[in-house]
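Reviewing the structure listed below.
Only the coordinates and a few stated rules stand behind these numbers; no lab work does. The structure presented is a predicted model; accordingly, all values stated were derived computationally and were not measured. Quick reminder, even Gly has a Cβ in these numbers, built from the backbone with ideal geometry, and neighbours come from all protein chains shown.
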Amino acid sequence: MIKDQKLIIILPAYNSSTTLEKTYKEIPFDIVDDVVLVDDCSSDITIQIAKKLGIKHIILHDQNKGYGANQKSCYNKALSLDADIVIMLHPDYQYTPHLIHSMAYLIANKVYPVVIGSRILGNGALNGGMPIYKYIANRFLTFFQNILLGQKLSEYHSGYRAFSKKVLTNINFSINSDDFIFDNQMICQIFNKGFEIAEITCPTRYTSESSSINFKRSLYYGLGVVKTSFLYFLHKRKIISINLFK
């Protein structure tokens, strides 16, 4: 517990057998109450490793449903366990679990309802090995989104995120995409409901074990970001009504 609030870590896993254990062992269980792992039909032994580690709440998708679908299962399970704070931590060890304290306390102290670990604040992205084309795309898309959304985030594309229960129960994340654009749609939904988002500097690691999407899928994701941002812009100005943001 953290200030009498239940903290649950969610691990959206896919072929994470080589990194899951070291990620899990750095989770600060002095404040973390529970861990939920959802395996999106991995072809390796992720499930066996999770059971060996003693993770109690494991969900196995019987087919690969996508990154967004994985998160839906994660959040729904965490909420069913009465989580007050939910932090998404990728089990590929790209993001450090050592920031869990900082992210959780910002929410527990009611400073912000959402916290994102930003790879762009400071020099974490390039120093951590982010491919240069991804860095440039990140900078361009973030600039574009800040204009259309009227915000000032340093990046919209980090997978390290913390949410209060109030946020998760007030946005309809279940209608979002099952693919990677889920993350961006969720941010737009959060802003649409009037919630603020805090960012903290987050170092990152890009290694052969880190999950990543290829150039083709990155391009598809980028187009999805542009589309989502335009739809949000039109919705906020009451030009058209978008069900995603109701």
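Straightening the chain between Asn123 and Asn214 buys 30.5 nm, computed as 0.36 nm per residue apart minus the Cα-Cα spacing.
What net charge do the residues around Gln63 carry, taking every other residue with its C-beta under 15 Å from that of Gln63, with Lys and Arg at +1 and Asp and Glu at -1? Display every interim value, and only then the final one.
Values: positive: Lys65, Lys72; negative: Asp39, Asp40, Asp62, Asp178, Asp179.
Overall, the nearby charge balance is -3.
Full extension of the segment from Phe140 to Ser241, taken as 0.36 nm per residue of separation minus the current Cα-Cα distance, would add 33.7 nm. Set the Cα radius of gyration of segment 46-101 against 2.2 N^0.38 Å, with N its number of residues, and you get 1.21. Taking the structure as given and computing volume of the Cα convex hull per residue in Å³, which label from [x] 117; [y] 125; [z] 186 fits? Recomputing volume of the Cα convex hull per residue in Å³ here gives the entry labelled [x]. When the square roots of the Cα gyration tensor eigenvalues are ordered a ≥ b ≥ c, the ratio a/c for segment 9-82 is 1.5 or more and a/b does not exceed b/c, which makes its shape oblate.
With labels modelled as points extended 7 Å from the Cα through the Cβ direction, what inter-label distance (nm, one decimal) is found for Thr169 paired with Ile59? Simple spin-label model gives 1.8 nm for this pair. Note on the chain: with a GNM built from Cα contacts shorter than 10 Å, the maximum mean-square fluctuation among Ile200, Ile85, Ile147 falls on Ile147.
Taking the Cα centre of the chain as reference, the dipole from Cβ charges on Lys and Arg (+1) and Asp and Glu (-1) amounts to some 800 debye.
Rg over Rh for segment 106-246 works out to 0.95, using Cα positions for both radii and the Kirkwood form for Rh. Between Ile45 and Asp82, the simple spin-label model (points 7 angstrom out along Cα→Cβ) gives 3.7 nm.
Between the C-alpha center of segment 1-67 and that of segment 168-246 there is a gap of 23 Å.
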